[in-house]
1. Of all the residues that make up the range 243-266, how many are hydrophobic (A, V, I, L, M, F, W, C), within 16 Å of the ligand (Cβ to nearest atom) and assigned to a loop (DSSP other than H, G, I, E, B)?
2. Can you tell me which of 236, 240 is more than 16 Å from the ligand (Cβ to nearest atom) and either crowded, with 21+ Cβ neighbours inside 10 Å or of a type in the set (Lys, Arg) (or both)?
3. Looking at this structure, is residue 227 within 16 Å of the ligand (Cβ to nearest atom), at pLDDT below 95 and more than 21 Å from residue 444 (Cα to Cα)?
4. Restricting to the range 245-262, and then to whatever is out of contact with any strand residue (DSSP E or B) (no Cβ under 6 Å at 6 or more places or on another chain) and under 28 Å from residue 183 (Cβ atoms), can you tell me which residue is surrounded by the most Cβ atoms within 10 Å (Cβ to Cβ)?
5. How many residues, within the range 22-51, are surrounded by 17 or more Cβ atoms within 10 Å (Cβ to Cβ) and of a type outside the set (S, T, N, Q)?
6. Checking the structure you have, find out if any residue of the range 318-329 is out of contact with any Phe, Trp or Tyr (no Cβ under 9 Å at 6 or more places or on another chain) and within 29 Å of residue 270 (Cα to Cα).
7. Enumerate the pairs (first residue in the range 56-85 and free of Cβ contacts under 8 Å to residues at least 24 places away in the same chain; second residue anywhere and of a type in the set (Ser, Thr, Tyr)) with beta-carbon separation below 8 Å, excluding pairs fewer than 6 apart on the same chain, so at least 6 apart or on different chains.
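The values are calculated or read from the model by the stated rules, or taken from the named source; none is laboratory data. Computed from a prediction, not measured in an experiment: that's the story for all the values here. Glycine also receives a Cβ, built like all others from the backbone with ideal geometry; neighbour counts cover every protein chain displayed.
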Amino acid sequence: MPTKRVYLETMGCQMNVLDSELVIGQLCALGYKPTDDYHTADLVLINTCSVRHRAEEKAYSRLTAIARAKTERPNMIIGVIGCMVERDHEGIRQRCPYVDLLCGPGNLNEIPALLATVEETRVQAIALEHDHSRRLPSAERTLLYNSIEELDMSRRTPPDGRTLQAYVRVQRGCDKFCSFCVVPFTRGPERNRPPANIVIEARRLVDMGAKEITLLGQTINSYAYTDSSTGRTVRLADLLEQVHEIEGLQRLRFVTSYPGDFTDDILQAMRDLPKVCEYLHLPAQSGSNAVLKRMRRRYTAEQYTELIARARETVPGISLAGDFIVGFCGETDAEHAETLALIERVGYKNIYMFKYSPRPATVADRSLPDDVPEAVKKRRHLDLVEYQKRSGLAHHQGFIGRTVEILVEGFSKAAIKAQEAEQERNNHVSWKRGDQLVGRTRTDEIVVFTGPKSMIGQLVTVWITAATALTLHGEADQTSAPATVVD
Ligand code: SF4
């Protein structure tokens, strides 16, 4: 029988990237081969995001394009997986009746059973966290993993062989119910994974070649797991210590933190454990206490800045990233100005900014009018973009003339493009394809530099010679490369 091909497209956050990796691993175990071209695929999956209206519309537009390909290949199975399914499977079924398979993020281990049902009956199959009605009982026999936890534990080398940086989930779902956020509805309540499983999974990834591990959770600083036999509770700081012990691991990160429950033991772990990178992603969402209250965030702007001060005091050289929503329900010019003031006060390395868009079923959607005009949202968004450009450049310029340690991730695509254009303009051929490598510092700056390809996967020292708002540029210190390096 010819090998079946699967095409999987991922939208949204790191959690989805990890879910997609697990789904692909599961499908490879079933005999599928990944492809980059959905036109040739037997199974096409879209792993969706519901955090913003735009992300959902993008998924619908991809599904429309894929449906056209299905007219050429009628046996193609189209599946939608991830948050959108849990939030609005009925909407997907109505808008896209050609979708064969729907699976929420908490049921991804059931994909083999859903596929068996579709193949056997050509009837749409669905798996949601609290509803298992559209699946053949006989299809259960095709399950490779009986639970989502077992699926998490099934990590294997990804088909593209990339194991250098790996994600490990420590937590599912969220209990915070911020008034704008759909995550508690799509990923359910907070559930923390057993630390022993997390350490086994991380060790396995390091054995497969991972140098850097990022622990993932929606509010990762609230991680707590109590062992029922010993009564001992493992918190995030303890977990960092346990993963840190893994021999061969070089760097350890964790995202995303919630400013309300952030305890000092985590900062102390960041200071005391050399593999833990000095980088903290701490979404503030707003600098106005009135807006934070409407958002149902459980901290004030003052508490947030106090936490930042403690982080800076405890972890020397810490780099900070933040998320902000502009144009939230009722946000006035004065409240927006408070956000800008907080941003200036904190001095982030990086901010991620979003225009508010109401999400169905959330408290804000049900009880607060989305009354900030789109033009005002755009202007406020631009204010943050301007800040990012200005501060990003200033932050990066501070590195010029210094050396940094980077983990080399691969060839720089942007540098290859720019060099090709330059070559075309100047018609000279001195530049060799692949000379330009890219990597990241411990504090998450992107560095493009010249170096031999044997540096990929290594920690190397780079001397920074130039900077833009987005990137650092430099030259590798050849003495920091591994002894076997030859160009
Ligand atoms: S903390 Fe708030 S914003 Fe973050 S996932 Fe939970 S509900 Fe959403």
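1. Count: 1.
2. Working: 236 fails: more than 16 Å from the ligand (Cβ to nearest atom).
The match here is 240.
3. Values: within 16 Å of the ligand (Cβ to nearest atom): no; at pLDDT below 95: yes; more than 21 Å from residue 444 (Cα to Cα): yes.
Spelling it out, it is not the case that residue 227 is within 16 Å of the ligand (Cβ to nearest atom), at pLDDT below 95 and more than 21 Å from residue 444 (Cα to Cα).
4. This residue is 259.
5. Summing the residues that are surrounded by 17 or more Cβ atoms within 10 Å (Cβ to Cβ) and of a type outside the set (S, T, N, Q) in the range 22-51 gives 15.
6. Start the filter on the range 318-329 by keeping residues that are out of contact with any Phe, Trp or Tyr (no Cβ under 9 Å at 6 or more places or on another chain), which leaves none.
No, the range 318-329 has no match at all.
7. From residues that are free of Cβ contacts under 8 Å to residues at least 24 places away in the same chain, there are no pairs.
One line per residue, one yes/no per condition, for (1) modelled with pLDDT under 95; (2) surrounded by 14 or more Cβ atoms within 10 Å (Cβ to Cβ):
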| position | (1), (2) |
| --- | --- |
| 100 | no, yes |
| 128 | yes, yes |
| 134 | yes, yes |
| 141 | yes, no |
